[in-house]
Structures are given as structure tokens and as C-alpha cells.
Amino acid sequence: GELPSLQVLSLNGCRRLTGAGIQALAPKTPKLKTLSLKFCPKIEDSGLEALGRHCPLLQTLELANCERLTDEGVKNIARGCPGLQILDLSFCKNITSASVR
């Protein structure tokens, strides 16, 4: 179903959650401000691309230990979420300094 009023969501440790899952969720949560996806190792850049497209109000995004993410995904979030204030990329081994400039 739709979750048009949802502002805070934590899916920490959902080890089977993928980018496709985030792609399905993002259009249904347009008012999302805080999303925590720590320790979700199967999420990839397609999920961040969907968040950037559908969740422009995002202010806090926690992605620690999301090992499949790359600079491209971070760039999509930066473009689509201009109000982003907190971005946790701890232990995201494929992220380089290029995406945080």
C-alpha cells in the first residue's frame, strides 16, 4: 500500500533487502525524511537512484555497511535530495572521495 505520510523508516539489518526493494518502496514514501538502511548488504545503486527520484525531502540517510553502493549511487542522492543533512557511508568500501566532493 501507499505510505504518503511516513517520515521515518528504519530497515537496519534487513539482509535480503535489495535495490529493487527500495525501488518499490521509494515512490510510496514521498515525505520520507529519515531512512536507516545500516547492514543491508544487498542494496545497490539502483535503490539510491530511486530514493533520489522519489524522496526529495530526505534529510538523514544511514547506509553504513551497505557494501555494494558506489559513487554513482551517492551522486544520485546528492542530486535528488537537496536538503540532505546527514549521510552515513561508514564501511561502504566502494565509495571514494570523488562522490563526497
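List every residue pair whose Cβ atoms lie under 8 Å apart, where the two residues are 6 or more positions apart in sequence or sit on different chains, the first residue falls within the range 84-97 and is small (G, A, S), and the second residue, located anywhere, is open to solvent by less than 70 Å² (accessible area, probe 1.4 Å).
So the pair list comes out as S90/A64; S90/N65.
Give the range 50-63 a look and list any residue that's open to solvent by 10 Å² or more (accessible area, probe 1.4 Å) and closer than 19 Å to F39 by Cα, or say none.
T60, E62 - these are the residues of the range 50-63 that are open to solvent by 10 Å² or more (accessible area, probe 1.4 Å) and closer than 19 Å to F39 by Cα.
Going by the conditions given, is N76 touching a residue at least 12 places away in the same chain (Cβ under 8 Å) and either open to solvent by less than 50 Å² (accessible area, probe 1.4 Å) or within 13 Å of the chain's Cα centre (by Cα) (or both)? Give the derivation first.
On the way: touching a residue at least 12 places away in the same chain (Cβ under 8 Å): yes; either open to solvent by less than 50 Å² (accessible area, probe 1.4 Å) or within 13 Å of the chain's Cα centre (by Cα) (or both): yes.
The answer is yes for N76.
Of all residues in the range 90-101, count the ones that are buried (at least 17 other Cβ atoms within 10 Å of the Cβ) and touching a helix residue (DSSP H, G or I) at 6+ places or on another chain (Cβ under 7 Å).
Total satisfying the criteria: 2.
Within the range 11-35, work out how many residues are open to solvent by 10 Å² or more (accessible area, probe 1.4 Å) and hydroxyl-bearing (S, T, Y).
2
The values are calculated or read from the model by the stated rules, or taken from the named source; none is laboratory data. Just so you know, these numbers come straight off a predicted model, no measurement behind them. Cβ: placed from backbone, ideal geometry, glycine included. Neighbour counts: every protein chain shown. Side chains included, ligands, DNA and RNA excluded: accessible areas come from the protein's heavy atoms. Shrake-Rupley method; radii C 1.70, N 1.55, O 1.52, S 1.80 Å.
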